[in-house]
1. Measuring from a point 7 Å past the Cα of Leu319 along Cα-to-C-beta, which residues in the stretch 204-222 have an amide N at less than 16 Å?
2. When we measure straight from the Cα of Lys310, which lysines land under 20 angstrom away, once same-chain ones fewer than 8 places off are left out?
3. Based on the alpha carbon coordinates of the stretch 212-316, what radius of gyration and maximum Cα-Cα distance (Dmax) apply, in Å?
4. Once you charge only the Cβ atoms, +1 for Lys and Arg and -1 for Asp and Glu, what is the size of the charge dipole of the stretch 164-316 about its Cα centre, to the nearest 20 debye?
5. Expressed in nm to one decimal, what extension gain is obtained for the pair Gln237 and Glu206 from 0.36 nm per residue of sequence separation less their Cα-Cα distance?
6. Pairs of alpha-carbon atoms within less than 8 angstrom and 6+ residues apart define the contacts here; what relative contact order does the stretch 212-316 have, in percent?
7. Cut-off under 16 Å on the C-alpha distance; same-chain residues fewer than 8 positions from Lys354 excluded. Which aspartates and glutamates are left, in chain and number order?
8. What are the ³J(HN,Hα) couplings of the stretch 125-132, residue after residue, when phi is run through the Karplus curve with 6.51, -1.76, 1.60 and θ = phi - 60°? Round to Hz, x for glycine and proline.
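Read-outs throughout are calculated quantities, based only on the coordinates presented, and are distinct from any laboratory measurement. Note that the coordinates shown come from a computational prediction; the quantities given were computed from them, not determined experimentally. Cβ placement follows ideal geometry from the backbone for every residue including glycine, while neighbour counts extend to all protein chains displayed.
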Amino acid sequence: MRLFVITVFGAAVLGLTAHGFAQTQTKRPATPVKGAPAPPQTSPSKEAPEEEQVPAAAPGALFPAVVARVNGKAILGRDLEQRIQAQLAPIGNPKWNNLREEYRQELVSQSLGALIGTELVYQKAQAGGIKASEPEIQAELAKLTKNFGGDAEMNAALANRGLDRAGLTRELEKSLTVAKFIQETIARKIVITPAELSQYYEQHKEEFRHPDLVRTSHILILVKEGATQEQETMAKQRAEAILARVKKGEDFSKLARENSMDPASATQGGDVGLVPKGQLAREYEEVAFSLPAGGISDVVRTQFGFHIIKVTEKKKEGLATLDEARTELTEFLKGQKTDQDVAKLVDELRTQAKINVYLTGPATTSSPRP
């Protein structure tokens, strides 16, 4: 990915629907845990702590209820399967038995390693007294509910996953705690010097060459798939009412934070960043590239719903200067260093932990599920 085009895209604009929440619920600093390799298998001790409640594996599940334990804490087969399915989604959700055995093994090893790595860091955070606060958890839960379109829709999706609201809250608490721990103990201590920025820029100049770019903010009124004509009309009327307020001079960013149903951009005042052609919904893109900087669109319908688009910046094709790329490059290099430090931490924690892995053979013996 070219560094100068790194940005935060609106989830709805790029097609990240509510059903992808398992991939987005963890904030950025927790991502490095995902790459942790799976630990070697040790002699299993299958007796669970009496107080631990382990849900039974669903009929047709790929894995048993518990696939590993980290210092006695269970790693669920359900979570392993969900992580694998998230990786298969971008390639069309192929059936498990249609995958090469080597690829299946790789998916299981990497995904189980990620879950174990996350559990190790979570336990480290708990031991250090770092935890997500109740307001932080509830704020994230509110974002997810909005992303799904409401409580009923989210409850249905959770049920399909074998979860309920309490289970989701526990998952959020863990992921937010891990994110907070990494931010407070690792990420915030990382400093990128001007010399590092200059060296990277000079050695990777082609990464900063970009096509025509447009930066937009938007307000999205979501229209759920299968919506009735009445729901469609109501959504459009709501968008038109907000557009009227924009035209009267109300602050666009404030209106986006208060009304936009795209949680990925709403908290940023609707900003979806600088993007080239080909990365936004076609109808959205056509309007965005046709408007001048400062221009505001009429209501635009895409597959996601009704948008009000404001163009905030346009850049012609060319090579970004170091000053122009400084912010994005700094965050990129910080992310690299964070990844490296988290990987070292996970390796260290693994040597100190008691890890039992119960998957002893090829991950193809259970009944497959698409």
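1. Flagged as within label range: 204-211.
2. By straight Cα distance, Lys310 reaches Lys236, Lys247, Lys248, Lys254, Lys277.
3. 13.0, 42
4. 280
5. Gain in length upon complete extension: 6.6 nm.
6. 44
7. Counting by Cα, and skipping residues close in sequence, Lys354 has these aspartates and glutamates nearby: Glu47, Glu119.
8. Values per residue, Gly and Pro as x: 4, 4, 4, x, x, 9, 8, 5 Hz.
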